[in-house]
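One structure below.
The values are calculated or read from the model by the stated rules, or taken from the named source; none is laboratory data. Quick caveat, the model's predicted, so the values are computed rather than measured. No Cβ is skipped: glycine too gets one built from the backbone with ideal geometry, and neighbour counts run over all protein chains shown.
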Amino acid sequence: MRGRPTSEGAGAAATTPAIVHTTVESGRSNPSAAPLPMKVAIIGAGRGGTALLDVLHQIPTIELVGMTDKSPSAPGLKRAQELNVPVYSRIDDLLHDQPLTLLMDVTGDPTMESALRQQTPTGADIISGQAARLFWLLVQHESTLQTELLQAEKMAGFGSFAAGIAHDMNNPLQLILGMAENLAEETDLEAVHAQALDIIDAVKRTTAICRDLTSYSRRTSVRQDGLIQVNSKLDEALKIARYAVALQDIEIRKQYQPDAVVKGNPDKLLHVFVNLITNAVQAMEHHGTLTLETISTADTTQVRVSDTGCGIAPELLTRIFEPFYTTKPPGKGTGLGLYNIKNVIQLMHGTIEVDSHIGQGSTFTLTFPCDPSPNEGTGQS
Amino acid sequence: MSEFKSGFFIGGESTNGRVLVVDDEPDIRKVVRMTLQKAGYDVLEAENGEKAIEVINSGENRLLLDVMICDIRMPKVNGIEAIAYFRENYPRVPLIVLTGFPDTDMATSLLRQGVVDYLVKPVEGDILKAAVGRAMERRELAPL
């Protein structure tokens, strides 16, 4: 939920509006002072290989030079292609083509290690068997930590909901109390009926608040993945975000393409949208236009969240996705919002990009591959 | 407080005083109106600070408004902005804040600015009436 510069963003480079693009892969293009990248190939593109690919791909000092599996339909091969990692159907070709530092065998095949040892060029290490299993366990552990971090950040964000919740609870409570006090003395039966109906409406409104928030606070589970209707998820996020930020004076424009869908965890995606909307509104200091847009093409679904706020200084754009980076005052931001967003989007095989013009606003564009599998459930929104 | 003690006439009708209720929630305006009217007050409504400023600047309200009850979180001109305007332009009118969100820092700051009471919703009718009664004692007559 954090990372949108406020005062810093508004002050810097005000005369030279910058259009800066950054993506979650941007870290890879900046090897800085690191030594030569480690050239790693992954043998086996099942669940373990795919998870390993996703983690190693995020590390700037590792260059993934190839992935292979005997089954052409192995899930990791498709993911490798999305990440521009070369894919091989034969191990021989991979070993022949690419200079290697390390081979990671996650096939689970006990004969693979000795076969690889005979073919692997000198100087390259092989991780196989129990060592590869240990890596798989570490990767799973990392995934658990990311889920915990997301939940922790979500819970930390609840503090900022207090004002919105109090407003939305106490207004209907005022009506209920006032009407009930009046009913105690009311003798006109028609007035009694009308006021009783007002009380019922007010009670329903307070229960809606509890329902929204308890559903938002629940822990996300990997088993809930499915097709998500993006437009209704954005609308749901707006309802939640209004507890955190005042939307009264924000003009909201929706440019939805009907039936925009993405595949992933609906609770996590809701959290992403709530964070992006909250950031956008905070950047506008309660006056401006928030635009929510969905665009579907044959290959991708895009979601855009734009504001007309202070914008982000170019030198900060590369830092906003770093963990614990925030420009908000102490106690107002965890610095984990955009970091978590980046992780969730990567897990959904998508990318996040930001365009920002100082003094004019920012646009966050999320791009997801369009790959609705027919076996998945639909309409989880 | 004895009701009707300080009553005077507006449009031929006896009233304890004229109160402006500023809140973006129609339900709140409705229920506050109900409570205060039964206590003999003449009640005006405004849905935000901008409207409240319009109301006090129109006709006899300039002279005859006795108390304002104001919410904080409202669209357009919010409660803080409206209160600043009223304190500057109509310092004789006592202000009561009626808010959904208790905030100690804000309450302290508003009381320092001359707000006479800071009430948190939901507030009982008797407490609201007592607050308005106290505010009535603090009001000053408009200069003629």
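When segment B:131-144 is examined, which residues are found to be surrounded by 14 or more Cβ atoms within 10 Å (Cβ to Cβ) and part of a helix (DSSP H, G or I)?
Within segment B:131-144, B:131, B:132, B:133, B:134, B:135, B:136, B:138 qualify.
How many residues, within segment B:109-121, are more than 12 Å from the chain's Cα centre (by Cα) and crowded, with 21+ Cβ neighbours inside 10 Å?
So the answer is 2.
Taking the criterion of being in a helix (DSSP H, G or I), of a type in the set (Asp, Glu) and under 36 Å from the mean Cα position of the chain (by Cα), would at least one residue in segment A:94-113 satisfy it?
yes
Residues are listed down the side, and each one gets a yes or a no for (1) surrounded by fewer than 20 Cβ atoms within 10 Å (Cβ to Cβ); (2) not in a loop (DSSP other than H, G, I, E, B):
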site: A:239; (1), (2): yes, yes
site: A:243; (1), (2): no, yes
site: A:259; (1), (2): yes, no
site: A:272; (1), (2): no, yes
site: A:276; (1), (2): no, yes
site: A:285; (1), (2): yes, no
site: A:291; (1), (2): yes, yes
site: A:301; (1), (2): no, yes
site: A:308; (1), (2): no, no
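Do the conditions hold for residue A:9, that is, is it crowded, with 18+ Cβ neighbours inside 10 Å, modelled with pLDDT under 85 and not in a loop (DSSP other than H, G, I, E, B)?
Judged against the criteria, residue A:9 is a match.
I'm trying to understand the selection: among the residues of segment B:77-129, which are assigned to a loop (DSSP other than H, G, I, E, B) and either over 29 Å from residue A:176 (Cβ atoms) or among the polar types (S, T, N, Q) (or both)?
B:78, B:90, B:91, B:92, B:93, B:113, B:114
Could you pull out the residue among A:117, A:79 that is closer than 28 Å to residue A:369 by Cα and in a helix (DSSP H, G or I)?
Going through A:117, A:79 in turn, the sole match is A:79.
Within segment A:135-188, which residues are touching a Lys or Arg at 6+ places or on another chain (Cβ under 7 Å) and within 14 Å of chain B (Cβ to nearest Cβ)?
A:164, A:167, A:170, A:171, A:172, A:173, A:174
I need a count of the residues in segment A:161-202 that are among the small types (Gly, Ala, Ser) and closer than 28 Å to residue A:247 by Cβ.
The number of residues fulfilling the criteria is 6.
Specify which of the listed residues (A:249, A:267) is over 23 Å from residue A:298 (Cα atoms), more than 14 Å from every other protein chain (Cβ to nearest Cβ) and not small (Gly, Ala, Ser).
Being over 23 Å from residue A:298 (Cα atoms), more than 14 Å from every other protein chain (Cβ to nearest Cβ) and not small (Gly, Ala, Ser) holds for just one of A:249, A:267, which is A:267.
Answer yes if at least one residue in segment B:60-68 is more than 18 Å from residue B:138 (Cα to Cα), in a loop (DSSP other than H, G, I, E, B) and away from chain A (no Cβ under 12 Å), and no otherwise.
Within segment B:60-68 (the criterion being more than 18 Å from residue B:138 (Cα to Cα), in a loop (DSSP other than H, G, I, E, B) and away from chain A (no Cβ under 12 Å)), the answer is yes, since at least one residue qualifies.
From the list A:216, A:243, A:256, exactly one residue is within 14 Å of chain B (Cβ to nearest Cβ), aromatic (Phe, Trp, Tyr), touching a residue at least 24 places away in the same chain (Cβ under 8 Å) and out of contact with any His (no Cβ under 6 Å at 6 or more places or on another chain). Which is it?
After applying the criteria, what remains is A:243.
Which condition number does residue B:127 fail, the rest of (1) within 14 Å of chain A (Cβ to nearest Cβ); (2) closer than 22 Å to residue B:35 by Cα; (3) within 15 Å of the chain's Cα centre (by Cα); (4) surrounded by 21 or more Cβ atoms within 10 Å (Cβ to Cβ) being met?
Just one mismatch for residue B:127, condition (4).
Kindly indicate the residue of segment B:18-59 that is closer than 21 Å to residue B:137 by Cβ and facing chain A (nearest Cβ under 10 Å) and also surrounded by the fewest Cβ atoms within 10 Å (Cβ to Cβ) among those meeting that condition.
The residue in question is B:38.
Out of A:208, A:283, A:260, A:202, which single residue is touching a Gly at 6+ places or on another chain (Cβ under 6 Å) and either of a type in the set (A, V, I, L, M) or farther than 30 Å from residue A:308 by Cβ (or both)?
A:283
Assuming residue A:162 fulfils every condition listed in (1) modelled with pLDDT of 85 or more; (2) in a helix (DSSP H, G or I); (3) surrounded by fewer than 16 Cβ atoms within 10 Å (Cβ to Cβ) apart from one, which condition is it?
So the condition that residue A:162 fails would be (1).
Residues in segment A:164-187: is at least one among the charged types (D, E, K, R) and under 30 Å from residue A:343 (Cα atoms)?
no
Just for segment B:70-116: of the residues that are of a type in the set (Asp, Glu) and over 15 Å from residue B:48 (Cα atoms), which one is farthest from the other protein chains (Cβ to nearest Cβ)?
So the residue we want is B:88.
Provide a single number: the residues in segment B:60-97 that are of a type outside the set (Val, Ile, Thr) and touching an Asp or Glu at 6+ places or on another chain (Cβ under 6 Å).
Final tally of qualifying residues: 6.
Just a yes or no: is a residue in segment A:219-232 in contact with a helix residue (DSSP H, G or I) (Cβ under 8 Å, 6 or more places away or on another chain), in contact (Cβ under 8 Å) with a residue 60 or more places away in the chain, farther than 30 Å from residue A:282 by Cβ and part of a strand (DSSP E or B)?
yes
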